[in-house]
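Written below as structure tokens is the structure these notes are about.
The values are calculated or read from the model by the stated rules, or taken from the named source; none is laboratory data. Fair warning: this is a prediction, and the values are worked out from it, not measured in the lab. A quick note on method: Cβ atoms are made from the backbone with ideal geometry, for glycine too, and the neighbour counts reach across all protein chains shown. With ligands, DNA and RNA removed, areas are computed over all heavy atoms of the protein, side chains included. Shrake-Rupley method; radii C 1.70, N 1.55, O 1.52, S 1.80 Å.
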Amino acid sequence: MPCNPAIGGTAKGHLVREIDALGGLMARAIDATGIQFKLLNRSRGPAVWSPRAQADKGRYSAWVKAALEAEPNIHWIIGRAGRILLDGGRVSGLALEDGAVFPCGALVITTGTFLNGVIHVGQEQRPSGRAGEPPSRDLAESIKDLGMKWGRLKTGTPPRLARRSIDFEQGVKSGVFHVEHGDSEPIPFSFTATQSPMNTAVCHLLHTTDRVHQLVRSNIGASPLYNGQISGIGPRYCPSLEDKVMRFPDRERHQLFLEPEGLDVEEIYVNGFSMSLPVETQRELIHSLPGLESAEMLRPGYAVEYDFVQPTELRSSLETHRVAGLFFAGQINGTSGYEEAAGQGLLAGANAARSVLGRPPLVLGREEAYLGILVDDLVTKGCLEPYRMFTSRAEYRLLLRTDNADLRLTPRGREAGLVDDERWERYGRRRKRYDTNLDRIRKTWVRVEGGARVPAAQALKRPEVTLGSLVSAGDVVLETTPDDFALDTSSVETTVKYEGYLVRQEQAVARAQQAERRRIPEAFPFERVPGLSREMVQRFSETRPETLGQAQRIPGVTPAAVAVVGAYLNRF
Amino acid sequence: MFSTSDTIVAIATPAGRGGLGVVRISGPAAAPVAGELAGREEPFRPRYATFATITPAAGDAASAVGDQVVITFFPTPHSYTGEDVVEVSAHGSPVVLSSLLRRAIDAGARLAEPGEFTLRAFLNGKLDLIQAEAVADLIDAVTPLQARVAFDQLEGTLTGAITAIEGDLFDVIAKLEASLDFPDEGYHFVGSEEAGAALASLGDRIDRLLGESARGRLIREGAQVAIVGAPNVGKSSLFNALLNANRAIVTAVAGTTRDLVTERADLGGLSLALIDTAGVRETSDPVEREGVARTRDALRVADLVLVVLDGSREMGDEDRGILAETAHLPRVVVLNKSDLKGSGIFSIAQGVLGLNWSATSTQAGPGVEPFAENAPQHRESRLGRSGKDPRPLFSVSAQTGAGLDDLIAGVAEALSTGGIEFRDQPAVSNVRHTALLARARGALARATEALEGQVSEEFPLLDLQEAAHALQEITGRRTSDDLLRHIFERFCIGK
Ligand SMILES: Cc1cc2nc3c(=O)[nH]c(=O)nc-3n(C[C@H](O)[C@H](O)[C@H](O)COP(=O)(O)OP(=O)(O)OC[C@H]3O[C@@H](n4cnc5c(N)ncnc54)[C@H](O)[C@@H]3O)c2cc1C
Ligand SMILES: Nc1nc2c(ncn2[C@@H]2O[C@H](COP(=O)(O)OP(=O)(O)OP(=O)(O)O)[C@@H](O)[C@H]2O)c(=O)[nH]1
Ligand SMILES: [Mg+2]
């Protein structure tokens, strides 16, 4: 976790739930090591409720490491990967930088920000994957030798402060800090969770001041972001302090959060204060913040520039078009964020194994999962800037909720061999409860305001009626357990309450399926389709869409061009 | 993506008035659609010309146009596109053709994108590669919008207005989306009241466009033209002459016509309802009195009035009365019986109209705006902004036909300059734009209702996205990346 030790957030929380539904570790890791849990968007509808939690950074890493080490089928080789070995068009092995060679049937590369990574702090720049670690140059060369299209992106991280040097109490008392607690009833991420997670950490909200903005402006020439030293494109949704000040001069202040990186660690993460100004300026900026006049900076913020592979090089399985058996996952594909990386890692890992076993890949649809949207966006559109998930990327947002991630995906994960027996049995019970409860709600009659008797399902469509209230009034008896109550009621209630909207979305899905189901063979000769202009042929050939649906989503491709391809699908 | 499996329809003949026009329908449902148009159950015989009368669709004023047509069915694969094709030949008036188009759409066909017939012909191997060059151009047009550049030039202002509406809607959507995706930003992107107000204004703007397009259609297709005047001036004769048919009874007896006689006429490419009326005079005959009352009804609904005077007669009280009564209406004054010796009424009529040009000229002089002068406001509401004013006075002979062409041109001009310009092929875009606008309007209304119900943003957003998609079908597509770009450009987001 090179950056903010937090998991989840809008749309990212959805990804975590989906990873969990497919048997991944992330949700269980954060449930076990999180220190503050919040459900974002609680005041809105269930489709956009997104869990978020802060992790104890050290414990999180240790938990994941232990979980992986406990897997009997993982064989560890610790070393620096240098070269991808090929045999014909297929991957045949990996050579480490020290020359050791390991043959393999499939290979997943997940080098994050390490490919030709360069860290910038003021004028100072040094090759590095992230603070304190050398970049991967050989591997970058090796990937480029394969003819892959690549680009350069940047990201950044804020300075870390020493907890002991900050007087939180005084800051709160004088009104410059605002205390932020977790939810009173923390909701765990994992569908398998049986206990309430730890939720004791507090964060502090504060704001930048005019003086801070002035300092940034007068030192802007020393920022590698503004003096031309950095050419990589950064994420707009996570702007550096320099960007906030320079691009939004009208904003009088910006919010910052002081977040502990763990329960008993010294590092305080200054969320919102990412920058690459010289160390001295960073210190000065921190000391200009109200309440932090004498804070000690443990580590400066920095920007890191790195190479990424254009994900249009990938199929929906995350296998490369060019080299069979070679998979890429994570930030190397232009994404940013732990959840996006974890989701890809899960899919790429599963599909690497499946390719060795000669089984078809696990590919999720846009209507099935945010994970499906993530992969589909990457492979059809490529990346112009670091890619982060948002709920607005989901055209079927109302169907892709955190409460039904297991209902949507656990069977898919089971089919793909990712879901163990325990989770599968748990799913079976949950599914049965869901179906039973839905049925009950439709068949139980309740009295509503005005005295009329209607099916509970109909009563639930009224805004003021909740399933919880029907249950506590004894009008409806649900098949559930205290542990499962929240999840069970939530998914049943949503299904019933928003039925009209959900049906509309399902109809939209059905309409789109016609194009999504028409497959384009990997070797389809776009150049032989009469009438297609060179530009269109190029766009299609670069992206190699696997379905007509994907072909439609390639930027710059026209409806007519897709229609022509569609018509020729059956002819070649 | 264009679907290549549905049934499409478009006007296939080049734009222009008069002559013959063809509406082409292609796709699996081509024959059923044509069957519905012609109200015909039995199948069409392949490649045989079948005569049919298109009956006006009930309740649709825009389609209240019946017409004699010839229908020819070309079953797949021996057709222009290689699919089932039906060609409907009708009078070449764009009005008739677009009315057929609309009815075909009502019957389930989809309005073809420009070039789509060629595309299908090409896909079905009906065109060789060289012919398909045109298809390649189509393929390179990034959006349907670009493929319609030619159309859009015709419809420039409408598209411009829609683009502006779509842009503002996009902005509302972006703010609502931002509220969902960035809930912990510490400030609101848009409150529900502000969003509601924005949607209300967008709804009004769409309503105005829809109203305008309805008015344009009325003028082009459903304009009502009433022929009025004193008894015996030759109204019925003129009516018959304009129709080129002996529809109304003509006698030398004053007070022959006792009721309204309406007939569809095709004048100068304009389809209109021509109304013959009873001559206006004081009378004790109850039947004739009722007839005169109906004449006044006709005056109320008419989009244009032809006031007929008898040029061989002195101006009488009845003539003066009718001139006064119609002074505030869009009108054209017709001096009939020009084959007879003139009485001097011509110059009197000029005087009444406030015209001061020479008696020998029937052309309006520059700067003469009799209607605007008489009743600018009424004209404004009736026929929209005025451009060039039409000629107010025509000298004709209903008996010999002299001057009729001039009069017809004058009528067409009076109807078109006052309203939306009548152009050669605007109907194509219009039908499409109108349908999409209406869809957007409906979705907007649902979103507004949802917002008022205080539900969370993602629900109204479902409707707003639908509205946006409808508008974007006119203005070109946008993606979720565009949306995020818009958000990030406007708001400083990110902790
Ligand atoms: C400075 C910085 C700031 C960030 N800020 C945020 C943020 O604010 N919010 C957010 O959501 N995300 C942020 N991220 C992104 C997030 O950390 C990454 O997207 C995510 O961790 C990527 O996961 P990954 O598995 O692809 O790569 P990483 O987590 O980067 O892991 C790559 C791993 O590959 C190893 N490796 C590299 N090269 C080799 C080699 N040749 N041989 C063997 N091993 C190799 C490395 O040692 C490393 O362990 C930030 C990242 C950085 C670096
Ligand atoms: N010479 C000449 N006679 C005409 C002309 N137009 C009409 N007439 C004659 O004028 C008489 C009246 O014609 P109508 O067309 O019936 O007149 P009208 O205005 O409809 O009369 P009412 O219906 O009775 O009000 C008939 O005898 C026509 O033949 C014309 O242009 N020239
Ligand atoms: Mg008459």
* Cα to Cα, under 26 Å, and not fewer than 8 places away if on the same chain: which lysines meet these conditions relative to B:K235? -> B:K337, B:K341
* Asked: Which FRET efficiency value, to the nearest 0.05, is calculated for B:R294 and A:D435 with the Förster distance at 56 angstrom and r the Cβ-Cβ distance?
  -> 0.20
* Using θ = phi - 60° and the Karplus form 6.51 cos²θ - 1.76 cosθ + 1.60, what ³J(HN,Hα) does each residue of the range A:118-132 get, whole Hz, x for Gly and Pro? -> 9, 9, 10, 9, x, 6, 6, 9, 9, x, 5, x, 7, 2, x
* To do: Roll a 1.4 Å probe over the protein chains and send me the accessible area per residue for chain A in Å².
  => 41
* **1.4 Å probe, heavy atoms, protein only - residues of the range B:432-471 losing at least 50 Å² accessible area vs chain alone** => B:E458, B:F459, B:L462
* **Global form of the range A:182-234, assessed from the alpha-carbon gyration tensor, a/c cut-off 1.5** => oblate
* Asked: If the range A:190-339 were replaced by its equivalent ellipsoid, with semi-axes equal to the square roots of 5 times the Cα gyration tensor eigenvalues, what would those be, largest first, whole Å?
  -> 33, 25, 13
* To do: Sort B:230-239, A:345-354, A:173-182, B:451-460 for me by packing, meaning the mean count of neighbouring Cβ atoms within 10 Å per residue, highest on top.
  => B:230-239, A:345-354, B:451-460, A:173-182
* Relative contact order for chain A: what is it in percent, counting Cα pairs under 8 Å that are at least 6 residues apart? -> 17
* Tell me which aspartates and glutamates have Cα within less than 19 Å of A:K144's Cα, excluding those fewer than 8 residues away on the same chain? -> A:D87, A:E97, A:E305, A:D307, A:E313, A:E319, A:E542
* Asked: Under a plain spin-label model, where a point goes 7 Å from the Cα along Cα-to-Cβ, how far apart in nm are B:A409 and A:A66?
  -> 9.6
* Structure fact -> Residues whose built amide H sits under 5 Å from the amide H of B:A12, excluding neighbours closer than 5 in sequence, are B:V22, B:V23, B:R24
* Asked: So how exposed is A:W445, as accessible area in Å² (1.4 Å probe, rounded to 10)?
  -> 140
* **Beta bridges by DSSP in the protein assembly as shown, antiparallel share as percent, to the nearest 5** => 75
* To do: Give the relative contact order (percent, whole number) for the range A:200-334; include only Cα pairs under 8 Å separated by 6+ residues.
  => 24
* **Rule-of-thumb Rg ratio for the range A:236-317 [Cα; 2.2 N^0.38 Å; N residues]** => 1.40
* Structure fact -> Rounded to 0.05, the calculated FRET efficiency for the beta carbons of A:W424 and A:V454 at R₀ = 45 Å is 0.75
* To do: Pop the C-beta distance of A:R534 and A:Q123 into the FRET formula with R0 = 35 Å and round what comes out to the nearest 0.05.
  => 0.20
* To do: Be a star and scan the range A:547-572 for residues whose amide nitrogen sits under 18 Å from the point 7 Å along the Cα-to-Cβ vector of B:A435.
  => A:560
* Asked: Under 24 Å Cα-Cα from A:K57, which lysines qualify once same-chain neighbours fewer than 8 residues away are excluded?
  -> A:K12, A:K38, A:K65, A:K154, B:K495
* Structure fact -> Semi-axes in Å, largest first, for chain A (Cα gyration tensor, √(5λ)) are 38, 36, 23
* Under the definition of partner shielding as Cβ atoms of other protein chains within 10 Å of a residue Cβ, what is the mean value for peptide A:156-169? -> 0
* Which of rounded, prolate, oblate describes the range A:517-569, given a ≥ b ≥ c as roots of the alpha-carbon gyration tensor eigenvalues and a/c under 1.5 marking rounded, otherwise prolate only if a/b is larger than b/c? -> rounded
* Assuming a viscosity of 1.306 mPa s and a temperature of 10 °C, what translational diffusion coefficient in µm² per second does Stokes-Einstein assign to the range A:420-505, Rh being the Kirkwood radius over Cα pairs? -> 117
* Asked: Where the accessible area of chain A is counted over protein heavy atoms with a 1.4 Å probe, how much of it, in %, is carbon and sulfur?
  -> 51
* Asked: Counting each DSSP H run of 4 or more residues in chain A as -39500 (n - 2.57), what helix-only mean residue ellipticity at 222 nm follows after dividing by all residues, to the nearest 500 deg cm²/dmol?
  -> -10500 deg cm²/dmol
* Sticking with the crude label model, points 7 Å out along Cα→Cβ, report the distance from B:D259 to A:R283 in nm, one decimal please. => 10.4
* Structure fact -> Expressed in angstrom and ordered largest first, the alpha-carbon extents of the protein assembly as shown along the principal axes are 114, 69, 68
* Accessible area buried between chains B and A, both sides summed, probe 1.4 Å, in Å² to nearest 100 -> 4300
* Structure fact -> Once B:S89, A:S184, A:S294, A:S240 are ranked on solvent-accessible area with the largest value leading and a 1.4 Å probe, the list reads A:S184, A:S294, B:S89, A:S240
* Accessible area in the full protein assembly, largest first, 1.4 Å probe, for B:E42, A:E546 -> B:E42, A:E546
* Measuring from label point to label point, each 7 Å out along Cα→Cβ, what is the B:F51 to A:E415 span in nm? -> 6.1
